[in-house]
Amino acid sequence: MRNDNREWDEIRKMEMRVGVLKNANGSSFVRMGKTFGVAAVYGPKSLYPKFLQNFDRAILRCFYSMTPFSVMDRKRPGPDRRSTEISKVIKESLYPAVFLENFSRTSIDIFVHIEQADAGTRCVGINAASLALADAGIPMRDLVTACACGVIDGNIALDLTGDEEKITDCDLALACMPRNKQISLLQMDGNIESELVNNIIKMLLNGCDKIYEKQKEALKHKYEVNE
Ligand code: ADP
C-alpha cells in the first residue's frame with residue numbers, strides 16, 4: 001500500500017473547474033491531491049511588436065510560475081531555470097492540439113500559476129492549460145491530458161505525492177491527446193530498467209483516460225450551470 005492508501009495505479013483526488021477568472025478569455029482551476037493551480041488564457045489577440053508575428057499561424061506562449069508559499073521553503077518569486085523549462089514543456093505539449101493555423105498573426109498567451117505544490121505541477125499545469133484553452137473557445141484537435149509516475153520498491157506508482165517523489169527511482173511525465181493516444185510529451189528524471197518502460201507508458205495512458213473524463217465533466221458542468 002502507498003502512504004496515502006491509494007492503489008499503485010490510482011490517481012490522487014481531482015477537482016476541476018472552468019471559467020474561474022472573470023477577466024481572462026478562458027480559465028480553469030485544477031487540483032490533483034495537494035497540488036493545485038489556476039490557468040488563464042488570453043487571445044487570440046494581435047501580436048506586437050509586429051516582427052514577432054507568424055504570417056500563417058498564431059504563436060503560443062506559456063508562462064508558468066509558483067507562488068512563494070506553494071512549497072515548504074519559501075520559493076523566490078520570479079522566473080528561474082525550472083519555471084523556464086516547465087513553461088517550454090507545457091507549451092510544446094499543447095502545440096500539436098491547437099489549430100494555430102486558424103489565427104495567423106496573433107498570439108495566444110497561457111498563464112499557469114501554481115498555488116500549492118506537492119509534486120506533479122507540470123501535469124497540473126498542462127491539464128489546467130488545455131481546459132483553459134477549451135474554455136476560451138479555441139479550436140483544438142483534442143484536450144491534452146498529462147500525468148506522471150515513478151517506481152517505488154520495484155512497483156510502478158501513478159501520480160506521485162511530494163513524499164513519494166523523494167523516494168522514487170525515477171519520475172516520468174507523459175502528456176497525450178487521449179482520443180487517439182498521440183503523445184506530445186515524454187520526460188524522465190532518474191534511471192529505470194528498460195523492460196519497465198512499456199508498462200509505465202501503459203499505466204500513464206490509462207491514468208490520462210481518467211483525467212480526460214474529469215476534464216470533460218468540468219467543461220460540461222459550465223454549460224449545465226449556465227443553462
Ligand atoms: P513537477 O512539479 O512537475 O513534479 P519537479 O520534479 O521539478 O516538477 O518538482 C517536483 C516537486 O518539488 C514540485 O512539485 C514541488 O512540490 C517541489 N519543488 C519544486 N520547486 C521547489 C522549490 N523551489 N522549493 C521547494 N520545493 C520545490
Notebook entry, point to check: What are the residues whose amide H is under 5 Å from the amide H of CYS62, where those residues sit 5 or more places off or on another chain and H is modelled from the backbone?
Noted result: ILE110
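As a test of reading the structure, rank ARG76, ARG82, ARG61 by solvent-accessible area (1.4 Å probe, protein chains only), most first. Could the numbers behind the result be given before it?
Numbers: ARG76 185, ARG82 100, ARG61 70 Å².
Descending order: ARG76, ARG82, ARG61.
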Margin query: When a/c reaches 1.5 or more, the comparison of a/b and b/c decides; with that in mind, is segment 1-131 rounded, prolate or oblate per its Cα gyration tensor?
Written below: prolate
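Using the structure shown, select from LYS50/LYS88; LYS45/LYS181; LYS75/LYS220; LYS181/LYS216 the pairs with a Cα to Cα distance greater than 26 angstrom. Write down the numbers at each step before the final one.
On the way: LYS50/LYS88 22 Å; LYS45/LYS181 30 Å; LYS75/LYS220 36 Å; LYS181/LYS216 16 Å.
In this structure, LYS45/LYS181; LYS75/LYS220 lie more than 26 Å apart at Cα.
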Margin query: Using +1 at the C-beta of Lys and Arg and -1 at the C-beta of Asp and Glu, which of VAL38, LEU160, CYS123 has the Cα lying farthest in the positive direction of the dipole of segment 14-226?
Written below: VAL38
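Expressed as a rounded percentage, what relative contact order does the chain have, with Cα pairs under 8 Å and six or more residues apart? Intermediate values should be presented prior to the final figure.
Numbers: 499 pairs, mean separation 50.3, N = 227.
Value for the chain: 22 percent.
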Check: Counting only residues 5 or more places away or on other chains, whose amide H sits under 5 Å from the amide H of CYS170 once H atoms are built in the peptide plane?
Finding: VAL151
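How would you classify segment 100-221 from its alpha-carbon gyration tensor, with a ≥ b ≥ c the square roots of the eigenvalues: rounded for a/c under 1.5, else prolate if a/b is greater than b/c, otherwise oblate? The partial results should precede the final answer.
Working: a/c = 2.09, a/b = 1.81, b/c = 1.16.
It comes out prolate by the Cα gyration axes.
Which percent of the Cα-Cα distances in the chain go past 29 Å? Let's see the in-between values first.
Details: 6424 of 25651 pairs.
That fraction is 25 percent.
Charges at C-beta only: +1 for Lys and Arg, -1 for Asp and Glu. How large is the resulting dipole of segment 1-61 about its Cα centre, in Debye rounded to 20?
320 debye
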Note to self: Principal axis extents for segment 161-227, Cα atoms only, whole Å, descending order, please.
What the structure shows: 51, 30, 16
Next item on the list: Place a +1 charge on the Cβ of each Lys and Arg in segment 14-226 and a -1 charge on the Cβ of each Asp and Glu, then give the dipole magnitude about the Cα centre in debye, rounded to the nearest 20.
Entry: 1080 debye
Notebook entry, point to check: Residue by residue through segment 170-175, which ³J(HN,Hα) values in whole Hz follow from phi under the Karplus form 6.51 cos²θ - 1.76 cosθ + 1.60 (θ = phi - 60°), with glycine and proline marked x?
Noted result: 8, 9, 10, 10, 9, 10
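Accessible area of the chain with a 1.4 Å probe: how many percent of it is carbon plus sulfur? Please report the intermediate quantities before stating the final value.
Numbers: 5910 of 11720 Å².
Ligands and nucleic acids excluded, carbon and sulfur reach 50 percent.
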Notebook entry, point to check: Each residue of segment 103-120 in order: what ³J(HN,Hα) in whole Hz does its phi give by Karplus 6.51 cos²θ - 1.76 cosθ + 1.60, θ = phi - 60°, with x for Gly and Pro?
Noted result: 9, 5, 6, 10, 10, 10, 9, 10, 10, 10, 10, 8, 8, 9, 10, 9, 6, x
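Roughly how many Å² is the accessible area per residue of segment 45-148, as a whole number, for a 1.4 Å probe?
Working: 4930 Å² over 104 residues.
Accessible area per residue: 47 Å².
Can you tell me which of 194-202, 116-124 comes out highest on packing, and rank the rest after it, using the mean Cβ neighbours within 10 Å? Numbers along the way, then the final one.
On the way: 194-202: 12.3, 116-124: 23.7.
For the peptides 194-202, 116-124, the packing ranking is 116-124, 194-202.
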Checklist line | Karplus-derived HN-Hα couplings along segment 88-93 (A = 6.51, B = -1.76, C = 1.60, θ = phi - 60°), whole Hz, x at Gly and Pro | finding: 5, 5, 5, 4, 5, 6
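The values are calculated or read from the model by the stated rules, or taken from the named source; none is laboratory data. Because the structure is predicted, anything quoted here is derived from the model rather than measured. All Cβ positions, even for glycine, are placed from backbone atoms using ideal geometry, and neighbour counts span all protein chains on display. Side chains included, ligands, DNA and RNA excluded: accessible areas come from the protein's heavy atoms. Shrake-Rupley method; radii C 1.70, N 1.55, O 1.52, S 1.80 Å.
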